[in-house]
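Structure, as structure tokens:
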Amino acid sequence: MIHFSSSVYAQKFEFKGNRQKQVIDFVRVKNLIIIPVYINEKGPYNFLLDTGVSQMVITDTTFLNTLKYKKFQNIKVQGYSLGEEVQAVLTRDIDARVGKATIKYIPTAIFKEDIFDLSSYLGVKIYGILGYYFFNSFVVKINYSSSKITFYKPGSKTKIRGSRIPIQIHNSKPYLSAEMNIPTLGNSTVELLIDNGSSHPLMLESLNELPFPLPAVTIPANLGVGINGPIQGSMGRISTMKIGDYMFENVLSGFPNFNSERGTIEGKTRNGSVGADVLRHFLVTFDYVNNALYLKKTNNYKDKFDHDMSGLEIYVKQASYDHFFIGRIEPGSPAETAGLQINDEIIALNFKDIRLYTLDGLTELLRQDDGNQLLIEVMRKQEKFVTVLRLKRRI
């Protein structure tokens, strides 16, 4: 989720001729959607498709030197973690294409620093983020099971499957209402940003301008990385959440450290956000023009919400996506008990060369099988260190 102070323009993606729809494949990593985007007919470049952004964002700083833009302004970007503002260039001298759909003069923020470092986080080279301008141009159907996106021209004769959930579009971002059992308060209605660019099921921030009530059991956690740095807080579980006719139980949620300025910056009062780990349970269709979200249950609907069971945060270094490093260790976690340290390079797992894994596959492995033991081998200051990591469900 990103906030820019500049206004949103009226441009839209369009097909040429009589084309009404298109289907494209996407790559799914940590529940996030990566699609190919052409910039000024060069590419394709890997972009995240994210309902939480308005202007297109280019995070790869090399574009500052390669793109030809004459009209621009220097801007300051305020991110979720509300730290120091980040410098960027805002321009409309850029065209973008997704499949056969093209948009001219799309407002684009080009970062002067790659603050997100999404490539290291996802293990795939990422060049930027695309959001509102794509979703506002089409009816967009996302099939998480088949990793396909179908996008239709608004008004085309297409039957949309699923239950209709009313949404509001505010400052180019979609919001919905949900019913939730809140600790100490019982069943209440909450307003949530729909943020498919967040891997988490839920992020709950505030209630009545105060910190959102915490469950009885939480653990400290790094909840991701915003423009201004890591988002610190806690992880816990909400007993029930209902969106439309769909009920979820024991839902994992992040609780960011409270900051009263966040709602003011975003321009809308909300309680939190619902992320991709909820949306992936459905066939999801966004219809911004008609203020609607459609959800249809898939085989993933009964999947439970699990948190990492190791206490490890793993990243890769750009240009070497088969080298895995430990970036953070949660206090009191199995990783700490096993004697692992920050900056250790993981070189083998259960006697298998780590290069046989992807970052996404390794992340999923550490989220399952409570009590499972893994033999992990790391390189630490030119010496090998071998230990047993016993996975444990901590929340």
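For R355 and Q232, calculate 0.36 nm times their separation in residues minus their Cα-Cα distance, and state this gained length in nm to one decimal. Don't skip to the answer; put the middle values down first.
Values: separation 123, 0.36 × 123 = 44.28 nm, distance 3.04 nm.
That works out to 41.2 nm of additional length.
Mean residue ellipticity at 222 nm, helices only, the chain: -1500 deg cm²/dmol; runs of at least 4 DSSP H residues each add -39,500 (n - 2.57), and the sum is divided by the number of residues. Taking amide H atoms as placed 1.01 Å from N in the peptide plane, the amide H of G197 lies under 5 Å from those of T51, G52, each 5 or more residues away in sequence or on another chain. Here is the tail figure for segment 312-390: Cα pairs spaced more than 17 Å apart come to 40 percent of all pairs. With a simple spin-label model that places each label point 7 Å from the Cα along the Cα-to-Cβ direction, the separation between A216 and M247 comes to 2.1 nm. Each residue of segment 32-43 was assigned a 3J(HN,Hα) from its phi angle through the Karplus expression (A = 6.51, B = -1.76, C = 1.60, θ = phi - 60°), giving 8, 9, 10, 10, x, 10, 9, 10, 6, 6, 10, x Hz with x at Gly and Pro. The modelled label-to-label distance between K384 and K112, using points 7 Å beyond Cα along the C-beta direction, is 4.7 nm.
When DSSP beta bridges are restricted to pairs lying wholly in the chain, around 90% turn out antiparallel. Evaluating 6.51 cos²θ - 1.76 cosθ + 1.60 at θ = phi - 60° for every residue in segment 246-251, the Karplus couplings come out as 9, 10, 10, 10, 6, 7 Hz, glycine and proline recorded as x.
Estimated at 0.36 nm per residue, the fully extended path between S146 and T269 surpasses their Cα-Cα distance by 40.8 nm.
Here the label points at E336 and S188, each 7 Å from Cα along the C-beta direction, are separated by 3.0 nm in the simple model.
Computed over the chain, the P(r) tail beyond 35 angstrom holds 26 percent of alpha carbon pairs. What shape does segment 26-104 take by its C-alpha gyration tensor, where a ≥ b ≥ c are the square roots of the eigenvalues and a/c under 1.5 counts as rounded, a/b above b/c as prolate, and the rest as oblate? Oblate, because a/c is 1.5 or more while a/b does not exceed b/c.
If a/c stays under 1.5 just call it rounded; otherwise compare a/b with b/c (prolate if a/b is bigger, oblate if not). Do that for segment 79-151, with a ≥ b ≥ c from the square roots of the Cα gyration tensor eigenvalues. It comes out oblate by the Cα gyration axes.
Magnitude of the charge dipole for segment 312-390, about its Cα centre and with charges confined to Cβ atoms of Lys, Arg (+1) and Asp, Glu (-1), is about 220 debye. Full extension of the chain between Y301 and L207 yields a length gain of 31.0 nm, computed as 0.36 nm times the residue separation minus the alpha carbon distance. Here K304 is the anchor, and the lysines within straight C-alpha reach of less than 19 Å, apart from those fewer than 8 places off in the same chain, are K30, K242, K296, K392. Compute, for segment 163-297, the length of the dipole vector about the Cα centre, with Cβ point charges of +1 (Lys, Arg) and -1 (Asp, Glu) only. Units Debye, rounded to 20. For this selection, approximately 260 debye. Test of understanding: given the chain, find the longest segment containing no GluC sites (Glu not before Pro) that are in a DSSP loop and have at most 12 other Cβ atoms within 10 Å. Free of exposed loop sites, the longest segment is 210-395. Normalised by residue number, the volume inside the convex hull of the Cα atoms of segment 163-297 is 103 Å³ per residue.
The dipole here belongs to the chain: it is taken about the Cα centre, uses +1 on the Cβ of Lys and Arg and -1 on the Cβ of Asp and Glu, and is about 1700 debye.
If I take all pairs of Cα atoms in segment 2-152, what percentage of them are more than 19 Å from each other?
That tail contains 51 percent of the Cα-Cα pairs.
So which of K159/K297; K21/K173; K21/K157; K21/K125 end up more than 20 Å apart, counting from Cα to Cα? In this structure, K21/K173; K21/K125 lie more than 20 Å apart at Cα.
Based on the Stokes-Einstein relation at 25 °C and a viscosity of 0.890 mPa s, and on the Kirkwood radius from alpha carbon pairs, segment 129-198 is assigned a translational diffusion coefficient of 169 µm²/s. Amide H contacts of I182 (H built 1.01 Å from N, in plane; Pro and chain starts excluded): N187, S188 sit under 5 Å, all sequence-distant by 5 or more or on other chains.
Quick note: the coordinates plus some simple rules give every number you see, no bench work behind them. Keep in mind the model is a prediction, meaning the values are calculated, not measured. Heads up, the Cβs are rebuilt from the backbone with ideal geometry, glycines too, and the neighbour counts pull from every protein chain shown.
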